[in-house]
Each structure stands twice: as C-alpha cells, then as structure tokens.
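The values are calculated or read from the model by the stated rules, or taken from the named source; none is laboratory data. The shown structure was predicted, so the numbers you read here are calculated from the model rather than taken from an experiment. Neighbour counts run over all protein chains shown; Cβ positions are idealised from the backbone, glycine included. Note: accessible area is taken over every heavy atom of the protein model, side chains too, but ligands, DNA and RNA are not part of it. Shrake-Rupley method; radii C 1.70, N 1.55, O 1.52, S 1.80 Å.
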Amino acid sequence: MKKVIIYTLLVSGLFSVLTSCENWFDVSPKVEIKEDDLFKNEDGYFDALVGVYSLMASENLYGKNMTMGFMDALVQNYYVTSAAHPFYYAVRYDYMHNASRTIIDEFWNKMYEAVVNTNNVLTRLEKASKSTFSDDNYNLIKGEALALRAYLHFDLLRMFGPSFKMDKERKCIPYVKTVSKQNTPYSSPVEVVNACVEDLEEALTCLANDPVKNSVQETDNIYLMNRKTRLNVYAVQGLLARVYMYGENKEKALEYALKLVDNDTLTLTTNMSGVRNDRVFSQELLFGLFVDKIATWADQYFKSSSMGYELQQLEYYLDLMYDKTAGLGNDVRYSELFDIADYYGKQKKYLQLSTDSYNAKYRVPMLRLSEMYYVAAECTTDLEESARWLNLVRKARGLEERAFTSFSEVESYLTAEYRREFYSEGQLFYRYKWLNATAIDYSTVSIADKLEEVYVFPLPDQEREFGGVANGNN
C-alpha cells in the first residue's frame, strides 16, 4: 500500500457535539498536540482512540456514506431518478463516474488513515510502561485498538476485495499492522479474515474486564462511560460472528453468535410503543457509533431539501419490502421509522427529535444484537432452532410467528430481513456480495454478467499506480 501520512492528532472538535447535557464525553479543545505529549499519560491514549472514532463518524465513512448514504443507495433503498442526484450513478453501479469514484476513493483513503492512527496507538502501547495506566485501562485501550483495526480492515475487504464465493485466494487489500514508510503486501480474503480473527481474539482477552459487563457503570472516568458507543467486549464477540460468517466458518460464527443470544443481560426490545422515541433500538446496539453531525446529514437526506439530495422510496416498494399485505402484524420498523406522504416514504431513523430517548441520540448502529439471531439462524443445522430465533426477532418487531420449511427459505427470508432491519445502515450490500447474488432486488440494472464490476469497488488510481505487491510494486 502507498505510504499513508500519519496526521498529527487533533483533539479539537473530537465529538464536539457533546455539550452540557452530554458532558460524559467532554474533551477540551486543543489546537495541536505533539505525539510525545499526547501519549505521556493514559488520557492521551484515550484521546487518540477518540480521534479514530471521530474519523469513522465523518461523512466520508460511517457517519453518512457508508451507512445511510452511498452504500444503501447501492441496494436500491432509495428511488433516485434525477441525474443531478449525487447517487444517480451509484444506483446504476457506475463506479467510474466521478460522482461515485470520489466517494469510493475516500472510503479507501479515510479507512486507511484510521488504520494508521490505530496502529500508532498500538505501537505506542508496546513502548509504554503499564504503570502509566490506572486500573485495567492499558488492556482496555489495547483491546479497543485491536478491535478497531479488525473492524476497519474487514469492511475494506467487504468493499474492495472479492467475496469468498468469487475468489477467496486473490490478493486484494493490505492488512496493515505497522507504522512504516514501506508498502505492506496485499492479502487475500482468507488472509484478511484470519488476521481479523487474530486481532479480535486478542482483543477479547484484553477486554475480559470491560466495564460494559457491569449493570451499573459507576466511574468518574468519562472514557469508561457509555461503552456501547465504543468497541466493547460484546461488540468484539459480535464482530467475530460476522467475520466468521463472511469467511464461511459457520461453526465458529454460531459459537460467537450464541455467546450474545444466550447472554441474559442482552435482550431484544419488548416496548413497541417506545420505538417511536428510540428508532435505532438502542437497547439492542452492541456498538453504536456516536456521530455528532448526524442531524445535519439526516435532515439533508430525509427532510425537504432544496439541494435535491433527498432520499426517499416509493410507498409501493416499501409495502413490498415490509411485507405489509401478509397480514402477520404491524412491523414497527415500517410504522414508526418512516413518514409516508404523497406515495413516498422517508426514513426517520436518524432524525434528531426533541422527544427522542437520550440513548438513541446521535447513534449510528454498527453492530446489532438482532444480527446475532440472524447469524445463529443461518448457521445452525437445526431448522426448528433457526425458526425459533427468527421468530424471536419477529416478535420484537411486532410481527406474528411464521413457519420455515427449509434452510433455503431461511436464506431468502434473511436477505429480505436484512433490508428491513438494517435500512440505511449499509449492511445489505455485503449480504448480496456474500451470497454472490446475480440480482439485487428492486434494481432495474441486470448484474448477472458483471458481478465483479458491481461487488468489488475499484482501487483509487494512486493506489493502483503506486500500491503494494498485488499491483506489481514490490
């Protein structure tokens, strides 16, 4: 991989959204901090991690384009017909048009910028004295950093690498573990998945005493509060289930999914009426990224916009997506998460309303408990158990139970369910890719003869020219 510059870490503005009512993350503005000064105590390490989360929360990554924006446009969740719309070419899988290419290039550049800053934390930890840290914070910081490195690389793989069904041995992205000027050799999907697992298993060990396990998190340390907005131990278990699933190791995926499904402290929503004020189902979030500018971006997309950036879907399609005519209950993901007017529906999930629950504000779902039920249902060999797990989620969404007669039916159901459950969260594209699906529902574009073109994003030109050994640059 081409050299990525380690930007001087800026603490100014890191999650500046947290004002008086959200003072649990009140980081004082600083203009510029030399690295040695930053890492002289544990607060500096926590600040450096905040910097990585802040970068992930930007509009170029999970704050907008990797969740509610570009990635969900690819799976036709929005009805885009105007050539002036920024996602007009995305819904047609034209990745070479500048409107798409600019966004995709930023995925690569900003994700690796986050990787480099994460590696810088890990490199500094190796040299640091554990006496610098109080309590178990050395392990907590290391565990989070390892998990962040895996999370970032895994999504880079899901965007820029072939799926296992396509070609699991082809070199596609570098898994970068060091801070160096030297190019990192590219790895195959198998190698990336293995590297993710290695980092995540070590992270689990480091996070053995994660405060998230405590029913009441009593601490004066602002960095140890609201652990579900960070990669905590439950999120790492969930990410392992997701990674193993993608890597076609269903036995291990099931093992980690059940650690969460069977955890009595983690439960699905039972308060249907409360969904109106908690549209991200915060109770079920294993990891919900704090995005301070989400109100601006959500208003731009899901309220009236003079700029023509609105993201909406035909009511007719939404009725189909949410199986409205099946007569099996009222899906709260439709009734409470969409505004319907003039035959169109707009997503309300990310609008920041004055009546919203505190835990739901400024959150973008990154890992959900419901996904663990889906993984378990798809990885078990017991069809009755599979149906039971799926129906537990259905009940938590206001729906009646239904029968499943085969695992092929479960697979088809889950593809439709991923759309309903993860609408505007960017996850459905990866499922289509994992399945190597020859068609994407609700798309008018035939993709059967161009799966590689649709499912594998092009590398930035600069990376192709000066990149690692996969491009012949040793």
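Let me have the 222 nm mean residue ellipticity of the chain computed from DSSP H runs of 4+ only, each contributing -39500 (n - 2.57), with the sum over all residues rounded to the nearest 500.
Calculated from helices alone, the mean residue ellipticity at 222 nm is -13000 deg cm²/dmol.
Calculate one ³J(HN,Hα) per residue across region 392-407 by plugging θ = phi - 60° into the Karplus curve 6.51 cos²θ - 1.76 cosθ + 1.60, and present them in order as whole Hz with x for glycine and proline.
5, 5, 4, 4, 6, 10, x, 10, 7, 5, 9, 8, 10, 9, 7, 6
Taking the alpha-carbon centroid of each part, what is the distance from region 383-436 to region 94-119 in angstrom?
Answer, in whole Å: 30.
Got a sec to turn the phi values of region 200-212 into Karplus ³J(HN,Hα) couplings, 6.51 cos²θ - 1.76 cosθ + 1.60 with θ = phi - 60°, whole Hz, x for Gly and Pro?
Using θ = phi - 60°, the values come out as 6, 5, 5, 4, 4, 4, 5, 9, 4, 10, 4, x, 4 Hz.
A208 versus L353, label points 7 Å from Cα toward the beta carbon: distance in nm?
4.5
Give me the lysines in straight-line cross-link reach of K349: C-alpha distance below 29 Å, same-chain residues under 8 apart excluded.
K64, K110, K213, K228, K259, K293, K303, K324, K361, K395, K433
Ignoring ligands, DNA and RNA, please state the percent of accessible area on region 37-183 from carbon and sulfur, probe 1.4 Å.
Carbon and sulfur together cover 43 percent of it.
If I stretch the segment between E385 and S215 completely, what's the gain in nm (0.36 nm per residue apart, minus their alpha carbon distance), one decimal?
Difference between extended and current length: 58.3 nm.
Can you list the residues, at least 5 places off or on another chain, whose amide H is less than 5 Å from the amide H of S187, using H built in the peptide plane?
For S187, whose amide H was placed from the backbone, the distant partners under 5 Å are C172, I173, Y175.
Whole number in Å², please: accessible area per residue of the chain, 1.4 Å probe, ligands, DNA and RNA not counted.
That works out to 41 Å² per residue.
Taking all pairs of different Cα atoms in the chain, averaging 1/r and flipping that mean, what Kirkwood radius in angstroms comes out?
22.9
Which of the GluC sites (Glu not before Pro) across region 212-259 are loop residues per DSSP, with 16 or fewer other Cβ within 10 Å?
E218, E248
Given a 1.4 angstrom probe, I'd like the percentage of the accessible area of region 361-474 that is carbon and sulfur, rounded to a whole number.
45
So, taking all protein chains as they sit and a 1.4 Å probe, how much accessible area belongs to H85, in Å² rounded to tens?
Counting only protein heavy atoms, H85 exposes about 10 Å² to solvent.
If you find the alpha carbon centre of region 338-367 and of region 251-314, how far apart are they in angstrom?
Each part's Cα centre sits 9 Å from the other's.
Where in the chain is the longest stretch that carries no trypsin sites (Lys or Arg not before Pro) classed as loop by DSSP and with at most 10 other Cβ atoms within 10 Å?
Here the longest run is 182-474.
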